[in-house]
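Trainee: Once you've had a glance at the structure underneath, I'll fire off some questions.
No value in this document is a laboratory result; all are computed from the given coordinates. As the structure is a prediction and not an experimental result, all values here were calculated from the model. Cβ coordinates were reconstructed from backbone atoms using ideal geometry, including for glycine residues, and neighbour counts include every protein chain displayed.
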Amino acid sequence: MRILNSRGHDSHLMKLVAGIAIADPDLSLRDIAAQLDQMRVAAGAWGRKWQPSSVRALLDEARRFGLVRS
């Protein structure tokens with residue numbers, strides 16, 4: 001079962017995006033979106049392909065939880 005956080009984001013996706021950003025801090029939002037597409041991670045409510053704005057929303061949420069530094 002997936003757990004949604006206060007904004008309705010999937011906590012699993014938030015952790016995945018945070019992990020990618022931590023592993024390579026030089027990646028842009030577009031690079032992370034492309035990596036998620038390459039990994040065939042479903043974009044969910046955001047459509048077929050990952051968008052940089054979707055990645056940003058998940059990274060912002062991860063920052064609020066203290067998973068990623070600003």
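Trainee: How high is the FRET efficiency between Lys49 and Asp26 when r is their beta carbon distance and R₀ equals 22 Å, given to the nearest 0.05?
Mentor: According to the calculation, E is roughly 0.50.
Trainee: Would you mind listing how long region 11-64 runs along its three principal axes, going by Cα atoms, in whole Å with the largest first?
Mentor: Principal extents (largest minus smallest coordinate, Cα): 24, 20, 17 Å.
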